[in-house]
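None of the figures in this text is laboratory data; all of them are computed from the coordinates on show. All of these numbers come straight from a predicted model, not from anything done at the bench. Note that each Cβ is placed from the backbone with ideal geometry, even for glycine, and that neighbours are counted across all protein chains shown.
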Amino acid sequence: MPPGFVIVQAPAKLNLFLEILGKRSDGYHELETLMVTVDLYDTLSFTEENSEEIRLQVIDAGRRRPSGRSEAESIPVGPENLVVRAAALLREFTGVRRGVRIELRKRIPAAAGLAGGSSDAAATLLALDRLWQLHLSPRDFHELAQRLGSDVAFFVSGKSAAVCRGRGELIEPIRLPCGLHFVVARPHDGLSTADVYRQYRPVGKKQHVEGLTSALMQGDLARAGRRMHNALETPAMNLSSDIETLKARFHRLPVLGHQMSGSGSAYFGLCANRRMSRQAASRLRAERTGSVWEVQVRS
Ligand code: C5P
């Protein structure tokens, strides 16, 4: 790679389990969630600039939406973008005064519960550490990640699977003994994370992640499918009829379990193997179910 240039991939995540244990005094919710990174990526390239400017350009690398409006067009490129905030925060933290040109090739849809923005922010911290030769410690990365968002710490950890607690920043990595295949569908409209959390009301008994982690460790995917859970699904359904529609469609597919990811609006099914995820994806595409991907957990 030429000097003054770094290119990285930022993966999407799926929440195989998400329980809300309570509301915190800082306004956030206390979580227990199992996240995995999957092979749907944004690509970010970083080029040294002579000026002190942080310049971001977003390019659509995915398919065009049915509306004709591209994913990239809906993404801000100013200081409200988490990538720009990550670069600015890193400069403030280290006192570095260098500029950078960032090109973000977007494949992960926004407002989907796939944490594209958080993953891009984590990738930015890690890439600029290399470009600017800062040699930050894992502890520094963790500290900066927390300031950028609840999911960012998981991505800077570089783990492909973890149980995350607290706001989402307390990471307990887990090793998955088997490859996991999924089919993911994203309806045309996204959902705002803050709106979905605001709709949440505690109902019934809390579920715990251990049933799912032990099923996964034993490679018992059928049991794992039955132990998946997402407490944000009901509040998301109150905001969008798309989630109910997706649930009904996935119910007819040969998947082992299905649910919404994070705060939605993406919905996914756990598949026994690649053949199953391919079959499920082609059925969803035939039904014109928004955007559809076959993905697997990163090894
Ligand atoms: O941390 P992040 O900026 O990604 O969170 C977006 C929004 O999601 C927060 O403003 C908050 O409303 C909600 N949230 C929450 N509890 C969490 C994580 C996120 O209430 N643990």
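Assorted remarks:
- Based on C-alpha pairs under 8 angstrom that are at least 6 apart in sequence, segment 67-202 has a relative contact order of 21 percent.
- Residue of R139, R98, R147 that the Gaussian network model of the chain assigns the largest fluctuation, springs spanning Cα pairs under 10 Å: R139
- Between amide H atoms placed 1.01 Å from N, distances below 5 Å from G262 occur with N15, all of them 5 or more places distant or on a separate chain.
- Taking segment 186-293 and dividing mean pair separation by its residue count, relative contact order in percent (alpha carbons under 8 Å, at least six apart): 32
- Each label was represented as a point 7 Å from its Cα along the Cα-to-Cβ direction; for A61 and Q133 these points are 2.7 nm apart.
- Taking the square roots of five times each eigenvalue of the Cα gyration tensor of the chain, the equivalent ellipsoid has semi-axes of 31, 22, 18 Å, listed largest first.
- Note on V96 and D189: the model spin-label points, each 7 Å out from Cα along the C-beta direction, lie 4.1 nm apart.
- Cross-link table K13/K159; K23/K206; K159/K205; K106/K247; K13/K247, entries beyond 21 Å C-alpha to C-alpha: K159/K205; K106/K247
- Karplus-derived HN-Hα couplings along segment 93-109 (A = 6.51, B = -1.76, C = 1.60, θ = phi - 60°), whole Hz, x at Gly and Pro: 5, 9, x, 5, 10, 9, x, 8, 10, 10, 10, 10, 8, 8, 10, 7, x
- Length-normalised contact order for the chain - Cα pairs under 8 Å, 6+ apart - percent: 22
- Whether segment 200-299 is rounded, prolate or oblate, judged on the alpha carbon gyration tensor where a/c under 1.5 counts as rounded: oblate
- In the chain, the calculated helix contribution to ellipticity at 222 nm averages -9500 deg cm²/dmol per residue, counting -39,500 (n - 2.57) for every DSSP H run with n ≥ 4.
- Span from the segment 222-299 Cα centroid across to the segment 173-213 one, whole angstrom: 11
- Gyration tensor (alpha-carbon) shape descriptor, segment 83-159, a/c threshold 1.5: oblate
- Here the peptides 158-165, 174-181, 224-231 are ranked by packing, the mean other Cβ count within 10 Å, and the order with the highest first is 224-231, 158-165, 174-181.
- Table column - 3J(HN,Hα) (Hz), segment 234-251, Karplus curve with 6.51, -1.76, 1.60, x for Gly and Pro: 5, x, 5, 5, 5, 9, 8, 6, 4, 5, 4, 4, 5, 4, 5, 5, 5, 4
- Within the chain: Cβ-based charge dipole about Cα centre, in debye rounded to nearest 20 (Lys, Arg +1; Asp, Glu -1): 1000
- Whole-Hz Karplus values for segment 256-267 come out as 7, x, 8, 5, 7, 9, x, 9, x, 9, 6, 10 Hz, taken residue by residue from phi with 6.51 cos²θ - 1.76 cosθ + 1.60 and θ = phi - 60°; glycine and proline positions read x.
- Rounded, prolate or oblate (a/c below 1.5 giving rounded, otherwise prolate when a/b exceeds b/c) for segment 2-95 by Cα gyration tensor: oblate
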